[in-house]
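This report refers to the structure that appears directly beneath it.
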Amino acid sequence: MITLTINGLEVPVEKGTTLLEAARFLGFPIPTLCHMDGLSPYGACRLCVVEIGEGPKAKLVSSCTYPAQEGLIVRTASSRVLRARKMVLELLLASCPQSKTIQDLASAHNVRQQRFRQEHEDCILCGLCVRMCKEQMVAKAIGFRGRGQTRSIGTPFDIRSEECRLCGGCMYVCPACQLRCTYTEPEKAVCGGCANVSPPCVEKEQFDDMMCYMTPCVACEIQE
Amino acid sequence: MEKLRSVEEFEELQDRLVSDQDPSAPTIVIPAGTCGQASGANDLIRVAKRELLDRGLTDKIRVRITGCHGFCEAEPSVLVEPSGIFYPKLDVAKMVRIVEAVRDNQVLEDLLYVDAATGKRVEKQCDIPFFKSQVRTILARNEKVDPIRIYSFIGNGGYSALIKVLAKDTPRWVIEEIKSSGLRGRGGAGFPTGAKWELLGNQQNGQGKFLVCNADEGDPGAYMDRSVLEGNPHSIIEGMLIGGYATAANEGVIYVRNEYPLAIKHLVIALRQSRELGLLGKDILGTGFSFDIKLVRGAGAFVCGEETALMQSIEGKMGEPRQRPPFPIEKGIDGKPTAINNVETWANVPVIIADGAAQFARIGTNGNTGTKIFSLVGKIRNTGLVEVPMGITIEKVVTDVGGGAPGKAKIKAVQTGGPSGGCIPVERFDLPIDYDSLTEAGSIMGSGGMIVMDETTCMVDVAKYFMNFLKDESCGKCFTCRKGIQRMHEILEDVSDGKGTYDRLDLLEELASVVKDTTMCGLGQTASNPVLSTLRYFRDEYIEHIEKHHCPAGVCKALITYSINDNCTGCTLCAKTCSEGAISGTKKQRHVIDADQCIRCGACVTVCKFDAIEVT
Ligand SMILES: Cc1cc2nc3c(=O)[nH]c(=O)nc-3n(C[C@H](O)[C@H](O)[C@H](O)COP(=O)(O)O)c2cc1C
Ligand code: SF4
Ligand code: SF4
Ligand code: SF4
Ligand code: FES
């Protein structure tokens, strides 16, 4: 067992527990975006940062990936954390305003302004889909490629992967695309496009501005 | 090459090699690292060899081909031993004359180096200001050894530090020696090497341990590691062998970027030769100590120099940093304990063991011992690789070693630490160059890039340039690193386009500090340095861009106008040069530039002989 202090409360946890798990166990809320129970932690969105250590050595770390350590002092809502969190959300909002998840997070954390140039990206590279596909669907059909600003998600060689079984798991977990396809069937929050035998997006022209991160789309096979 | 079976056999060989050397024999030393070869060293080598053959001088005069000596600007150059005479910027014809002069024991006055400050010719390399103010513990060894001949290395005392360690037979002693030398990692973070080794030595999991030499060197414009790998590959091997002995690690990896073909070639040769001689592999010199090194070629991404990304890359995965803890020292390559050190760190190890920790610690300052190699470039007279004691002031490096400003424009800052370093203004040039002072001043040591900037450098543009680099080089995993850098670049672009506002400047500062705070690896954590340091020291330049729509250095294209003044003689050269046809005027009459057509490329400024084109 390891004992650490979170917001002044001592808590014993098992070795291998993350700071996020420990904080949630104590009931301290920490917003997350790229984290999902059942998938391995990845640490991409940086929304879950908490402050550890004291004095000049204090720093922010992503709680979803950082392992609990003996004697660690953790603050989940210091002013430094809140400031960073708001900026992360502002950046997310600037890149992906259409996402319901991001909108909700932003409003829950009182982010009232967005000072960057507005973009409409269809992916924030949170990696949920990749992990879903690999760890839960055991398909490894999609992955990351590139780095920096050209980093993206896709299938090998950008062609429909033999490994993909159109389960729609990737779309289900995607925080950026939840609103994508509800546009023809607004009562459905998740379209399950991949799984849909006759997906709503077959008429390409009609839905040209519909964002889909997989080109060509694994579901509708519309070739760009 | 006969395999050596014992320490005695090695010592016999070394004694023979040392006594075979005749220090009084005239030797022509030709530096032929990548930089030397690019400027024509290969031709010099060819001519020198042919001349010696033709004149039957091969027993009298020797030629030694070595790695880079550091004074890259003067290359292709020649150093004559034992006299120490230095001839810069040579060509084939001059080489022929040098061979004759060496034969006749003469000095070619007209080919000697001219000190730009005094206008006088300097005969000996050691008297040239560039060399005089340096302490060249590592680089001077590049002059002595032929990197593709292990006997040359051994004949110069090579591998005797390893022998010393094997003879002591106490790993603990090695670690203590490195610890008391005060050596800190030269790869950037300055972590004490002895402490790192101690941690590795204490790891007991019974599955073996790794030592890694980080030769990724992704900083654009930095090449000190390359020069050591090319010029003295055996020093790295010896360093790693000593490290292996001290920490009970048996596997070594040299991770070198694929863009360094000469370094790779020399390493491959060096590894083969040391294996053949029995200095690498199983049961080294019959002592029972085994250590082998393999070479891994990196794909050349900047982020692969980060230690966890480097390990991923060695394992054949995507070069992406991972969460620490667990630290590599506990769980590294293939889950085994791993210690990673920089090329220059490894190169210092045999020096410390051979000369003693106390001797090493005498150089530099308390807490920052030894020397550091910098690649000095930019708006400075002498460019090249310079090795100086730690704690030397920036002023000394810039004026004494670098020779100060090359032209009229005044030096205003140096940028240290590579793409994620910071800019230090001239008012703070009294700052000692060490890990802690540089960090305190908002920059970093990094792996040793040093770019000198003058009044013609726009600090907004500098920050923008580095953000542009990092925008592509961030691995892209952390949202705040990937997007944050893109957004910083976007705002800087606005400022340099004259579209900046004070609000956006505040936003930039806020964003920069959040990027620093919320990213996972060193790349993201230091990516804001160029922005924050220029904002800290050169805010007035930002303000001038925003408020007056003016770029004081005359760099930001959207904010400058080119015009022609009274000096114009109407030579028409500029009009002929302008690709846009923006310059008009009749012969012998003052020309004019049409600001609407002008694309501000500056081509006219370069051709005008009369200083008639003004940038405002
Ligand atoms: C983005 C990034 C790039 C790096 N590049 C290099 C490099 O090219 N060479 C190097 O030796 N260290 C590099 N480092 C530092 C290494 O992570 C590591 O600290 C170093 O190799 C440790 O060796 P040392 O203790 O001998 O300095 C880099 C770090 C970061 C964050
Ligand atoms: S639909 Fe295809 S890509 Fe998406 S999770 Fe399922 S198998 Fe993976
Ligand atoms: S497609 Fe969606 S789930 Fe996949 S990385 Fe992008 S935002 Fe995350
Ligand atoms: S800080 Fe940047 S480079 Fe480092 S892991 Fe995160 S995204 Fe990659
Ligand atoms: S939830 Fe931890 S980084 Fe995304």
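The values are calculated or read from the model by the stated rules, or taken from the named source; none is laboratory data. For clarity, every value in this text was computed on a predicted model and none was experimentally measured. A quick note on method: Cβ atoms are made from the backbone with ideal geometry, for glycine too, and the neighbour counts reach across all protein chains shown. All accessible areas refer to the heavy atoms of the entire protein, side chains included, with ligands and DNA or RNA removed. Shrake-Rupley method; radii C 1.70, N 1.55, O 1.52, S 1.80 Å.
Each part gets one Cα centre, and for the range A:110-158 versus the range A:1-61 those centres are 23 Å apart.
Going by a ≥ b ≥ c, the root eigenvalues of the Cα gyration tensor, does the range B:471-548 fall in the rounded group (a/c under 1.5), the prolate group (a/b larger than b/c) or the oblate group? Taking the square roots of the gyration eigenvalues as a ≥ b ≥ c, the range B:471-548 is prolate. Backbone amide hydrogens, once placed in the peptide plane, bring B:Lys412 within less than 5 Å of B:Met453, B:Asp454, B:Glu455, excluding anything fewer than 5 places away on its chain.
The trypsin sites (Lys or Arg not before Pro) of the range B:401-478 that DSSP puts in a loop, and whose beta carbon has at most 16 other beta carbons within 10 Å, are B:Lys408, B:Lys410.
Indicate the gyration tensor shape class of the protein assembly as shown (rounded, prolate or oblate), computed on the Cα atoms with a ≥ b ≥ c the square roots of the eigenvalues: a/c under 1.5 is rounded; otherwise a/b larger than b/c is prolate and the rest oblate. Taking the square roots of the gyration eigenvalues as a ≥ b ≥ c, the protein assembly as shown is oblate. Here the 3J(HN,Hα) profile of the range B:438-444, calculated from phi with Karplus coefficients 6.51, -1.76 and 1.60 at θ = phi - 60°, is 5, 5, 4, 7, x, 10, 9 Hz, Gly and Pro shown as x.
Residues whose amide H lies under 5 Å from that of B:Thr369, counting only those 5 or more places away or on a different chain, are B:Arg184; hydrogens are built 1.01 Å from N in the peptide plane. At a probe radius of 1.4 angstrom, the accessible area of chain B per residue rounds to 38 square angstrom. Residues in the range B:74-82 carry Karplus couplings, in order, of 8, 6, x, 10, 9, 10, 9, 10, x Hz; the curve used is 6.51 cos²θ - 1.76 cosθ + 1.60 with θ = phi - 60°, and Gly or Pro positions show x. Which whole-angstrom value gives the distance between the alpha carbon centres of the range B:12-42 and the range B:527-567? Between the Cα centres of the range B:12-42 and the range B:527-567 lies a distance of 49 Å. In this structure, the residue pairs whose Cα-Cα separation is over 30 Å, taken from B:Lys196/B:Lys294; B:Lys3/B:Lys196; B:Lys471/B:Lys557; A:Lys100/B:Lys471; B:Lys294/B:Lys396; B:Lys379/B:Lys477, are B:Lys3/B:Lys196; B:Lys294/B:Lys396; B:Lys379/B:Lys477. Within the full protein context, the accessible area of A:His109 is estimated at about 50 Å² for a probe radius of 1.4 Å. Rounded to the nearest 10 square angstrom, B:Lys132 shows an accessible area of 130 square angstrom against a 1.4 Å probe.
Close amide H partners of A:Tyr66, meaning residues 5 or more places away or on another chain with modelled amide H under 5 Å apart, are A:Leu19, A:Leu20. When the square roots of the Cα gyration tensor eigenvalues are ordered a ≥ b ≥ c, the ratio a/c for the range B:1-59 is 1.5 or more and a/b exceeds b/c, which makes its shape prolate. Karplus-derived 3J(HN,Hα) values for the range A:5-21, using 6.51 cos²θ - 1.76 cosθ + 1.60 with θ = phi - 60°, are 10, 10, 6, x, 9, 7, 9, x, 9, 7, 4, x, 5, 8, 4, 4, 4 Hz; glycine and proline are entered as x.
Remark: accessible area buried at the B-A interface is about 3200 Å², both chains counted, probe radius 1.4 Å.
B:Lys124 contributes an accessible area of around 80 Å² to the protein surface, as traced by a 1.4 Å probe with all chains present. What whole number of Å gives the distance from the Cα centroid of the range B:300-348 to the Cα centroid of the range B:63-108? Using only Cα atoms, the two centres lie 41 Å from each other.
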